[in-house]
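Here's the structure we're looking at; comments come further down.
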Amino acid sequence: MAQNTPKRKIKDSVFTNLFQDKKYLLRLYKALHPEDSNVTEDDIKDVTIKHILVDADYNDLGFSVGGRLVILVESQSTWTLNIIIRALMYLIQTYHDFFKRTKQNLYGSKKVNMPKPELYVIFTGEKPKNPPDIISLSKDFFDGEKIAVDVEVKVLYQEDEDSIIGQYIIFCKVYNEQRKKFGQTKKAVTETIRICKNRNVLKEYLENKEQEVVDIMMTLFDDEQVLEAYAEDIKTSEAKENARIMLKNGRITVEEIPSFFPKLSIEDAKELEAEVMQLA
């Protein structure tokens, strides 16, 4: 990977880094529950699931508040209803960890104590037309039918300079704009930071951790780039196999292969011809 190529999914990493700081995590909670003015940093406990359903590009956030509430949040730049399924799986694992940590017996006669769940997705991409405020398993997967287990996820997508959630969304939008101008380059990263600081968007965070943010954006492994290369390799391999079969059955000539399979060159076609002749 080129040194000046930032990670494609950098917003996820900034999201994780930002809310590792309890000061900002408390601000996130108060943005969700402005009525709860008495909660402190000491009341908040990180319960994020580490590397269970995803690999290094982990972007979920989980925290409990005073043992009475568990909140799971995910940042998402591409719209998909599959977040509902992921949220359900995260929630189940979070409860599993909670019961284990609190040593409660699910097989006993005594009713267990459990925190109330809240599920959110912070959507930072291009908004779909008439975006929903809430998505749910019953409505979006089963046409509103009553089902044994339902899950509701609140969708947060409003830009708001007075809210840390809204500021994070603005940060992502600014980065998208700068990436369109400068591509996947350090210039896009530094301009994003400069513009956001000037707009008082995550200003304190970016000033205190500017170099760390730049490092995150510039050095994390570009998994999407690798996946794209892997997908291209698969497509080329599939094209070669299909061309080999057609060539063997006499349904195509060597000269026609590049026209039928644009990913293959005439050199590839001649190699396939040699392979077919060798096996004949």
Test residue 64 against the criterion of being farther than 17 Å from residue 124 by Cα, at pLDDT 90 or above, small (Gly, Ala, Ser) and more than 13 Å from the chain's Cα centre (by Cα), and give yes or no.
yes
Before we move on, is residue 110 in a helix (DSSP H, G or I), at pLDDT 90 or above and exposed (fewer than 12 other Cβ atoms within 10 Å of the Cβ)?
no
Among the residues of the range 33-50, the number that are of a type in the set (Ser, Thr, Tyr) and out of contact with any Phe, Trp or Tyr (no Cβ under 8 Å at 6 or more places or on another chain) is 2
Quick one: which helices (runs of 4 or more DSSP H) lie wholly within the range 180-280 and hold at least 1 residues that are within 16 Å of residue 13 (Cβ to Cβ) and at pLDDT 85 or above?
186-198, 203-208, 210-219
Within the range 135-155, residues being assigned to a strand (DSSP E or B) and under 30 Å from residue 100 (Cβ atoms) number 5
Go through the range 1-41 residue by residue and tally those that are at pLDDT below 85 and touching a helix residue (DSSP H, G or I) at 6+ places or on another chain (Cβ under 8 Å).
11
Does residue 97 satisfy the condition of being surrounded by fewer than 18 Cβ atoms within 10 Å (Cβ to Cβ), acidic (Asp, Glu) and part of a loop (DSSP other than H, G, I, E, B)?
no
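The values are calculated or read from the model by the stated rules, or taken from the named source; none is laboratory data. None of the values given here were measured: they were computed from a predicted structure. Positions of Cβ are generated from backbone atoms using ideal geometry, with glycine treated the same way; all protein chains shown enter the neighbour counts.
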